[in-house]
Amino acid sequence: MTDTAAPAAKSGPRISGAFHRLLAFSGLIALVVAFSLASPNFLQTQNILAILQATSVNGVLAIAATLVIITGGIDLSVGTLMTFCAVVAGVILTYWGLPLPLGIIGAVLAGTASGLVSGTIIAKLKVPPFIATLGMMLILKGLSLVISGTKPIYFNDTPGFNQIALGSAVGSVFPAVPLPNGVLVLFAVAVVAAFVLSKTALGRYTFALGSNEEAVRLSGVNIDRWKIAVYAVTGAICGVAGLLIASRLNSAQPALGQGYELDAIAAVVIGGTSLSGGRGTVVGTLIGALIISVLANGLRILSVPQEWQTVVTGTIIILAVYADILRRRAL
Amino acid sequence: MAAPIASASASGAAVPLVEMTDIDKSFPGVRALAKARFELLPGEVHALMGENGAGKSTLMKILSGVYTRDAGTVLLNGQPVEITSPRQAQDLGVGIIHQELALMRDLTAAQNIFIGREPRRFGILDERQLNRDAAAIFASMNLKLEPTVRVETLTIAKQQMVEIAKALSYRSRVLIMDEPTAALNDAEIAELFAIINRLKAEGVGIVYISHKMDEIKRISDRVTIMRDGEYVGTVPGADTPIETIISMMVGRTLSSDTLVIPNTADAPIALEVKNLNRGREIRDVSFSVRKGEILGFAGLMGAGRTEVARAIFGADRREGGDIWVHSKRVGISSPKDAVEAGIGYLSEDRKHFGLATGLDVRNNIALASLDRFTGPGGVLDEAGMQKEAVGYIRQLAIKTPSDTQEARLLSGGNQQKVVIAKWLLRDCDILIFDEPTRGIDVGAKSEIYKLLNALAAEGKAIIVISSELPEVLRLSHRIAVMCEGRLTGILPGGASQEEIMRLATLRQSSVVESATQRKTA
């Protein structure tokens, strides 16, 4: 007799979900191997660090987008929200001359507030997420230009600011591995997000909403509140992304940001998160973001023109989703 | 009040679990309930019956907190209550198993049961406790189910068990089941009834909404009948003739028209299927239908009847077999090919496959024949479409204010007629009906039956797949019976139910085994 109470780790589709991540992961490995064989310059410590550094901003944004996409929603405002948060940090630190921690808190709070607004529009006013966040995308783009006075804000008066992304806490201990702090931030965000998704009520409702929102409502859960919370967390993570990109550029560039949301969503999709909601993982998204950066980096090393890199990325997105469809059909 | 009132004799003195009186509820433009009433005793299975739109679901949604009433009183255990949310209903011990299963497919069984009430430690979900609690409930139901299994992978029947477990986890004293057997096979229904009887013995009161008369007779202690949002009467379940219940539902006595089998022996063969094969679902199925003939398909759930229909229609790929239409071999590899050969398929899931619910009646009727109405430059001939649509609305007696009414606003029976009109306009003379009356009320059913008879009389060849034996028996000129993907026999119309069931369970060793106790070697 088997004991029904014993929690068994195995179940069919979960293995298949892992299969998709495995597929994405083997795709990543295959790319790394192929580029390493094609060019001796690829598998150098410097280049690997550059790839990781390049992944950090898109990776954080993609994790932010993963949360709302699992609820069955979408957030098109992550790119311009990131810029808005960077500008808020610039205003606090450079225009007002306040200390660094206040700038960091301000950026994250700005992101959270924006997420609360998006979430409220979606949950309370019942505006479809695509439209609500499209509107927010434009609103934030405009607001960034307004509060910055349409010009970049530099952080020259805040010496520690560029260390957020560019410094290397690891490198100061192990000089051989100068891992940029930006990458640490990415990993930290990933660990926290993965924890929230798998271990907290917020995470459970994130999946539940994407799986069958009506059923969650009929279970007596206040779905509006949780939906708003998910968008708020997404906004807060965008704040972190804003700090990362501002730190890397040592400036808040108000005109930047639009277009980043598409790269983020691409990473989410390549990582196996379903756009119809209910399923997805942070690890998958990380792999997806890495695939995009490895492709861009490798193709650049091989001197493939930029325009062709875009074509390849587009093809990969379609292939990744097709692989997922094949998997489901086999189910 | 002239209506007969019965009370459950065994527990006549008990305080009712539920007493709803003079319940009114209106929606914009519709009066859904008018002085409706309902009473449920502890340990009672109380069936709630009525045609579609009679107000059964609305009444139960008021009891379960989905809707709030406009007027009237609700007593739970003799205490007046205001139920304003599903959550509150659950806390008061009222659980509902929805017709459309309300589960989160991507979550596990245990996660579904405790959604909204997850056990936590230090703010973090305690998954182990969650699975233990779920396993305890399954054990109390005598149900073998892994708490960590994802709901998506479960059969509909098992998913239903998860829903019941969820309701029980709230310590529900009142359990509302809305069409619980719609998707279950006989063995699964037996399993469900065993659980219902166990709950009854524990004093749980069960509200049972169903259209299936035989189930009502089998399981219910009392039956309350509603019509047009009003209370009609309450009768004992076992001793009341079905005809009485039906006449209370429809407000008139239905003439149980008898089966007339026309002589089609000399009519030309319209459709012939030879050695149809597809994996384990369809094994070597051959049959033919003549013009003017209604061929019924009987069998248990999963016998492969729908699969045969879909393979003929080109909706699923077939692995082998030839299809002949009017003595010509046709290569059908897609629904488009089938339609061009004159085959129309009316699926059991109208909303998903048959009807474009967002379009109006006119466009739905014209949907398969748009090329006929396409003029120069690709412009649609709306006037022509309207003329045809109005013609079919009249011919099939489709109840709709106009041909521009959105199809989703029609009742189930009229939606079905719209789909029939679509295929008739497309000149389909071979029509496959898959569960044509599922979810349709008694009155509309008999209209659909009349329509099918009329279509056959016009010379259409008709295949009817139905899980309701009385329906197959009432309609079919011949009855094909399937079991486990095989055609186990073709019986003449008017064959006995026993004969059909014998063929339907032929070689079905697994079902017999699970129905009796399973022997482990």
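A short reminder: the numbers here are calculations on the coordinates, not readings from a lab. Please read all numbers here as calculations on a predicted model, not as lab measurements. Because the Cβ atoms are built from the backbone with ideal geometry, glycine has one as well, and the counts that use them run over all protein chains shown.
Please list 3J(HN,Hα) in residue order for region B:35-49, calculated via the Karplus relation 6.51 cos²θ - 1.76 cosθ + 1.60 where θ = phi - 60°; whole Hz, with x for glycine and proline.
Residue by residue, region B:35-49 yields 6, 6, 9, 6, 9, 10, 9, x, x, 10, 9, 10, 7, 10, 10 Hz.
With a 10 Å Cβ neighbour count serving as the proxy for reagent exposure, in which order, fewest first, do B:Met482, A:Met137 appear? Don't skip to the answer; put the middle values down first.
On the way: B:Met482 26, A:Met137 21.
Arranged by neighbour count, lowest to highest, B:Met482, A:Met137 become A:Met137, B:Met482.
Going by the alpha-carbon gyration tensor, a ≥ b ≥ c the square roots of its eigenvalues, is chain A rounded (a/c under 1.5) or, if a/c is not under 1.5, prolate (a/b greater than b/c) versus oblate? Present the calculation step by step, with values, prior to reporting the outcome.
On the way: a/c = 1.67, a/b = 1.13, b/c = 1.49.
Oblate, because a/c is 1.5 or more while a/b does not exceed b/c.
Straight-line reach from B:Lys144: which lysines have a Cα under 21 Å away, not including same-chain ones fewer than 8 places off?
A:Lys10, B:Lys158, B:Lys166, B:Lys200, B:Lys519
Modelled label-to-label distance, B:Asp381 and A:Val321, 7 Å Cα→beta-carbon offset: nm?
Placing both labels 7 Å along Cα→Cβ, they lie 3.9 nm apart.
Please list, short to long, the whole-number percent of alpha-carbon pairs of region B:108-169 in consecutive 10 angstrom bins beginning at zero.
25, 57, 17, 2
For A:Gly72, list long-range residues whose amide hydrogen, built 1.01 Å from N in the peptide plane, is under 5 Å from its own amide hydrogen.
Under 5 Å from the amide H of A:Gly72: A:Gly277, A:Gly278.
Alpha carbon centre of region A:262-325 versus region B:365-428: separation in Å?
Using only Cα atoms to place each centre, the spacing works out to 45 Å.
Along Cα→Cβ, 7 Å out, is where each label goes; now give me the distance between the ones at B:Asn263 and B:Arg121 in nm to one decimal.
Roughly 8.2 nm, to one decimal.
Contact order normalised by length for chain A, with contacts defined as Cα pairs under 8 Å and 6 or more residues apart; what percent is it? Can you show the working numbers first?
Values: 573 pairs, mean separation 108.4, N = 331.
Reported relative contact order: 33 percent.
Treat every Asp and Glu Cβ in region B:108-169 as -1 and every Lys and Arg Cβ as +1, leave all other atoms uncharged, and give the resulting dipole magnitude about the Cα centre to the nearest 20 debye. Please list the in-between numbers first.
Numbers: 9 positive and 7 negative charges, 20 e Å.
In debye, rounded to 20, region B:108-169 gives about 100.
So if we plug the beta-carbon distance of A:Glu307 and A:Gln163 into 1/(1 + (r/R0)^6) with R0 = 45 Å, what FRET efficiency do we get, rounded to 0.05? Please report the intermediate quantities before stating the final value.
Numbers: r = 35 Å, r/R0 = 0.78.
Once rounded, the FRET efficiency stands at 0.80.
Report, in debye and to the nearest 20, how large the dipole of the protein assembly as shown comes out about its Cα centre when Lys and Arg carry +1 and Asp and Glu carry -1 on their Cβ.
Values: 81 positive and 75 negative charges, 253 e Å.
So the dipole magnitude of the protein assembly as shown works out to roughly 1220 debye.
Compute the distance in nm between two label points, each set 7 Å from the Cα along the Cα-to-Cβ direction, one at B:Ser286 and one at B:Val390.
It is 5.1 nm.
Kindly put A:Cys85, B:Cys483, A:Cys238 in sequence by how many other C-beta atoms sit within 10 Å of each C-beta, fewest to most. All intermediate terms of the calculation are to be shown ahead of the outcome.
On the way: A:Cys85 33, B:Cys483 22, A:Cys238 38.
Sorted ascending by nearby Cβ count, the order is B:Cys483, A:Cys85, A:Cys238.
B:Ile97's amide H: which non-local residues (gap 5+, or another chain) put their own amide H closer than 5 Å, with H modeled 1.01 Å from N in plane and none for Pro or chain starts?
Correct list: B:Ile176, B:Met177, B:Asp178.
Residue by residue, what Karplus-based ³J(HN,Hα) values in Hz, rounded to whole numbers, does region B:221-227 have, using 6.51, -1.76 and 1.60 with θ = phi - 60° and x for Gly and Pro?
With the stated coefficients, region B:221-227 comes to 7, 9, 10, 9, 10, 10, 8 Hz.
Please list, by residue number, every one of the trypsin sites (Lys or Arg not before Pro) in region B:312-397 that is coil in DSSP and has at most 15 other beta-carbon atoms within 10 Å. Write down the numbers at each step before the final one.
On the way: sites: B:Arg317, B:Arg318, B:Lys328, B:Arg329, B:Lys336, B:Arg350, B:Lys351, B:Arg362, B:Arg372, B:Lys387, B:Arg394; in loops: B:Arg317, B:Arg318.
Within region B:312-397, the qualifying trypsin sites (Lys or Arg not before Pro) (loop, at most 15 other Cβ atoms within 10 Å) are B:Arg317.
From the residues B:Ile365, B:Gln160, B:Phe38, which one has its Cα farthest along the dipole of chain B in the positive direction, the dipole being from +1 and -1 charges on Cβ of Lys/Arg and Asp/Glu about the Cα centre?
B:Gln160
Compute the Cα gyration tensor for the protein assembly as shown, then decide on rounded, prolate or oblate, letting a ≥ b ≥ c be the square roots of its eigenvalues: rounded whenever a/c is under 1.5, prolate when a/b is larger than b/c in the other cases, and oblate in all that remain. Present the calculation step by step, with values, prior to reporting the outcome.
On the way: a/c = 2.03, a/b = 1.60, b/c = 1.27.
Prolate shape, in that a/c is at least 1.5 and a/b is the bigger ratio.
Of the beta bridges DSSP finds with both residues in the protein assembly as shown, what % are antiparallel, to the nearest 5?
Working: 47 of 82 bridges.
Bridges in the protein assembly as shown that DSSP calls antiparallel: roughly 55 percent.
For a test of the definition: using alpha carbon positions, the gyration tensor, and the 1.5 limit on a/c, classify region B:261-329 as rounded, prolate or oblate.
In terms of gyration-tensor shape, oblate.
Most exposed first by the Cβ proxy, i.e. fewest other Cβ within 10 Å, how do A:Leu93, A:Leu100 rank? Could the numbers behind the result be given before it?
Working: A:Leu93 24, A:Leu100 17.
With the sparsest Cβ surroundings first, the list reads A:Leu100, A:Leu93.
If amide hydrogens are placed 1.01 Å from N in the peptide plane, which non-local residues have theirs closer than 5 Å to the one on B:Gly344?
Close amide H contacts, sequence-distant or interchain: B:Ile430, B:Leu431, B:Ile432.
Using a cut-off of 17 Å between alpha-carbon atoms, which lysines can reach A:Lys126, once sequence neighbours fewer than 8 places away in the same chain are excluded?
A:Lys227
Using a simple charge model, +1 on the beta-carbon of Lys and Arg, -1 on the beta-carbon of Asp and Glu, nothing else, what dipole does chain A show about its Cα centre, in debye to the nearest 20?
Numbers: 18 positive and 10 negative charges, 111 e Å.
Roughly 540 debye, rounded to the nearest 20.
So which lysines pass the test for A:Lys151, namely a Cα distance under 18 Å, with those fewer than 8 places away in the same chain ruled out?
List returned: A:Lys141.
Averaged over B:144-150, how many beta carbons belonging to a partner chain fall within 10 Å of each residue's beta carbon?
On the way: counts 2, 1, 8, 5, 7, 6, 5.
Mean shielding by partner chains, rounded to a whole number: 5.
Of B:Pro119, B:Ser496, B:Ala456, whose Cα points farthest to the positive end of the dipole of the protein assembly as shown (charges on the beta-carbon: +1 Lys, Arg; -1 Asp, Glu; origin at the Cα centre)?
Towards the positive end, the residue furthest out is B:Pro119.
Under the rule of -39500 (n - 2.57) per DSSP H run of 4 or more residues, summed and divided by the residues of the protein assembly as shown, what mean residue ellipticity at 222 nm is obtained, to the nearest 500 deg cm²/dmol? Could you put the intermediate results ahead of the total?
On the way: 30 runs with 405 residues, N = 852.
Taken over the protein assembly as shown, the calculation gives -15000 deg cm²/dmol.
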